[in-house]
Amino acid sequence: MTELRSILIIGGGTAGWLTACYLARYLDIARRRDVTITLVESPAIGTIGVGEGGFPTMRTTLQFLGIDEHTFIRKTAATFKQGIRFDHWLSAPREGRTSNFFHPFEAPLYAQDESLVARWLAQDPAKRPPFAEAVTIQQRVAAGARGPKAPGDGDYDAPLSYAYHFDAERLAAVLAARGIELGVERIDDRLLAAEAGPEGIAHLRFERTGTREADLYIDCTGLHAELIGGALAEPFVSVRRYLFTDRALACRVPYDQPSAELPSHTVAAAHEAGWLWDIALRDRRGVGCVYSSDHLDDARAHAILAAHPGVGAAGADDARLICYDPGYRARHWVGNCVAVGLAAGFVEPLEATGIVMIEAAAAMIAEFWTPNGPSDASAARFNALMIARYENLLNFLKLHYCLSRRDEPFWRTNTDLQSIPPALQELLERWRWRAPSRFDFALDSETFAFFSYQYILYGMGFKTRLPGPQAAKMTDPFAKVRAYGEQALRDLPLHRDLIDRINAT
Ligand SMILES: Cc1cc2nc3c(=O)[nH]c(=O)nc-3n(C[C@H](O)[C@H](O)[C@H](O)COP(=O)(O)OP(=O)(O)OC[C@H]3O[C@@H](n4cnc5c(N)ncnc54)[C@H](O)[C@@H]3O)c2cc1C
């Protein structure tokens, strides 16, 4: 007879429910009797309630979980996201002059026989259009407040790559409903104590349901990190010497007019010691001020948030303060326990990568966990890949900060060589002489493709010196991008209309 194996997930935020759904679907729990998945959550403790910007991988994940796209959009008040506009990162607004650049999800378009990137680099910096505008149509589409797809396009499918903005609490609820359909048992209880043993976790003790044991424990308790940080005391690797922000004040802002234009991109607006996010959902905005407590006190952060358009003193008074230490656990999988989500690590909300890390972890656990034998060798591989992902992410996020020419202390310190990870210093040295290439990265441990590095580098005015003067060329390869962009503006619906239409079905 096959032995019964059990997976016990603690925590019902995005990490807990996404992992539960993924494993239930992958292991086909609903139709087998040898593996069970139980998720324990404590509504009294609640979830972190932020994390409202997504990444394109979410489309594949939701589709794999069997969640219909329109249902997801309706139930989570979601909108489409085509990238992030970075305001004031290169320089602070001065005498009415502002700077911004766009990081779209689309890769640069290919010209038939030459690299658009190389051609753009060869143009006169004083005359050429911004990088993202020159090499992709997505900036134009987003700036025109268009959606990335037409109403007739299939679920999760579109001519342009996209992700979503969504209400984080409602996302967890949608995933919970799907998890239960897929065979996950949900228990409402509070973890009181976790006992460590030779295998990792020996057992857990709960307030209402007493002691529980399992074959695999998944710690999704968020910043509490009850198992990995508490019972197993796995060391925490802080990256604060590289990424300085450690606090966020998050609030919700109603729209003045229900028919207001709906941006299909996140805005990340730099301020004197960090940045603000502005995310447009269907029926409200989510706004947050991220900052370094070494460079800004909470009162000043409150004032910066209050001064952001539409927030005001009342909005900022309602804001929630979230404190975190940027970093991750030295190992995420220890014996019979794996940490996923905030329990495993969190480096920065910039570029909205929390959920991507959860997706990567869930997919790897699904393939690596061996119910009939030890998983130790696979756990070592899991740890190596997850740590590499965090380190690569750290480099990518730091890139946004270390190229800034702003002169406040926070920004100056961000350009100090000691604050730039050595691996990023090496990449920057390569890119002084050529553009980022796909051969710069090992794909399995990367979240961002090489072209994302191009968008940030050239959006932030980084100089790559090409070998010599380019021969004058007659054709204008960017004309095609402009023409496609104009066509897309005619063909694609206004984002607000698209969302209204989906919600009316
Ligand atoms: C300021 C900020 C902005 C962010 N922005 C983004 C973003 O735009 N995009 C993105 O992808 N990610 C973002 N993230 C990360 C994102 O919020 C998380 O990755 C995501 O919400 C997953 O959180 P979680 O499930 O790990 O934790 P939580 O949502 O905190 O869930 C923890 C769960 O554990 C339960 N729990 C805790 N202790 C116990 C106990 N003793 N007993 C029982 N249950 C317990 C809680 O009740 C809860 O259900 C952001 C994070 C921060 C801090």
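The values are calculated or read from the model by the stated rules, or taken from the named source; none is laboratory data. All values reported here derive from a predicted model rather than from experimental measurement. Ideal geometry is used to build each Cβ from the backbone, glycine not excepted, and the neighbour counts take in all protein chains shown.
Scanning the stretch 325-348 for residues that are in a strand (DSSP E or B) and within 15 Å of the ligand (Cβ to nearest atom) yields a count of 8. Considering only residues of the stretch 117-136 that are in a loop (DSSP other than H, G, I, E, B) and in contact with a strand residue (DSSP E or B) (Cβ under 9 Å, 6 or more places away or on another chain), which is farthest from residue 353 (Cα to Cα)? The residue in question is 130. Assess whether residue 420 counts as being within 27 Å of residue 46 (Cβ to Cβ) and of a type in the set (A, V, I, L, M, F, W, C). For residue 420, the condition - within 27 Å of residue 46 (Cβ to Cβ) and of a type in the set (A, V, I, L, M, F, W, C) - is not met.
Only one of the listed residues (51, 12, 46) is of a type in the set (Gly, Ala, Ser), surrounded by 21 or more Cβ atoms within 10 Å (Cβ to Cβ), at positive phi and within 13 Å of the ligand (Cβ to nearest atom). That residue is 51. Restricting attention to the stretch 51-70, does a residue exist that is touching a Cys at 6+ places or on another chain (Cβ under 9 Å) and under 21 Å from residue 225 (Cβ atoms)? No: zero hits. Restricting 421, 477, 493 to residues that are over 25 Å from residue 139 (Cβ atoms), surrounded by 15 or more Cβ atoms within 10 Å (Cβ to Cβ) and in contact with a Lys or Arg (Cβ under 8 Å, 6 or more places away or on another chain) narrows the list to 421. Residues that are surrounded by fewer than 24 Cβ atoms within 10 Å (Cβ to Cβ) and aliphatic (A, V, I, L, M) were ranked within the stretch 258-269; the one that is farthest from residue 402 (Cα to Cα) is 260. Filter the stretch 16-32 down to residues that are aliphatic (A, V, I, L, M) and farther than 13 Å from residue 360 by Cα and give me whichever is surrounded by the most Cβ atoms within 10 Å (Cβ to Cβ). Restricting to residues being aliphatic (A, V, I, L, M) and farther than 13 Å from residue 360 by Cα, the top hit is 20. The set of residues in the stretch 115-163 that are under 19 Å from the mean Cα position of the chain (by Cα) and farther than 23 Å from residue 459 by Cβ contains only 156.
Within the stretch 15-43, if we keep just the residues that are away from the ligand (no atom under 13 Å from the Cβ) and of a type in the set (Val, Ile, Thr), the residue that is nearest to the chain's Cα centre (by Cα) turns out to be 37. Contact map, the stretch 266-293: residues that are small (Gly, Ala, Ser) and at pLDDT below 95 paired with residues that are crowded, with 24+ Cβ neighbours inside 10 Å and not in a strand (DSSP E or B), Cβ distance under 7 Å, separation 6+ or inter-chain. No pairs are found.
Going through (1) away from the ligand (no atom under 16 Å from the Cβ); (2) touching a residue at least 24 places away in the same chain (Cβ under 8 Å); (3) in a helix (DSSP H, G or I) one by one, residue 377 falls short only on (2).
Counting only residues that are in a helix (DSSP H, G or I) and among the hydrophobic types (A, V, I, L, M, F, W, C), which one in the stretch 225-235 is nearest to the ligand (Cβ to nearest atom)? Give the derivation first.
First pass over the stretch 225-235, keeping only residues in a helix (DSSP H, G or I): 226-231.
From what is left, the residues that are among the hydrophobic types (A, V, I, L, M, F, W, C) are 227-228, 231.
Values: 227: 10, 228: 11, 231: 11 Å.
That would be 227.
Residue by residue, here is whether (1) more than 29 Å from residue 214 (Cβ to Cβ); (2) surrounded by fewer than 22 Cβ atoms within 10 Å (Cβ to Cβ); (3) not acidic (Asp, Glu) holds:
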residue	(1), (2), (3)
271	yes, no, yes
291	yes, no, yes
298	yes, yes, no
306	yes, yes, yes
318	yes, yes, no
327	no, yes, yes
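Here the condition is being hydrophobic (A, V, I, L, M, F, W, C), away from the ligand (no atom under 11 Å from the Cβ) and farther than 14 Å from residue 218 by Cβ; of 307, 366, it holds for 307 alone.
To keep it simple, each residue is scored yes or no on (1) in contact (Cβ under 8 Å) with a residue 40 or more places away in the chain; (2) in contact with an Asp or Glu (Cβ under 7 Å, 6 or more places away or on another chain); (3) more than 16 Å from the ligand (Cβ to nearest atom).
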| residue | (1), (2), (3) |
| --- | --- |
| 351 | yes, no, no |
| 354 | yes, no, no |
| 362 | yes, no, no |
| 385 | yes, yes, yes |
| 400 | yes, no, no |
| 414 | yes, no, yes |
| 431 | no, no, yes |
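I'd like the full set of residues that are of a type outside the set (A, V, I, L, M) and surrounded by 20 or more Cβ atoms within 10 Å (Cβ to Cβ), limited to the stretch 128-148. Once the filter is applied, which keeps residues that are of a type outside the set (A, V, I, L, M) and surrounded by 20 or more Cβ atoms within 10 Å (Cβ to Cβ), the stretch 128-148 yields 131, 133, 136, 138, 139, 140, 146, 147, 148.
Touching a residue at least 12 places away in the same chain (Cβ under 8 Å), within 22 Å of the chain's Cα centre (by Cα) and not in a helix (DSSP H, G or I), is that true of residue 448? Criteria met by residue 448. Within the stretch 311-328, residues that are of a type in the set (Ser, Thr, Tyr) sit with their Cβ atoms under 8 Å from residues that are part of a strand (DSSP E or B) and more than 16 Å from the ligand (Cβ to nearest atom), at 6+ positions apart or across chains, in these pairs: 328/237.
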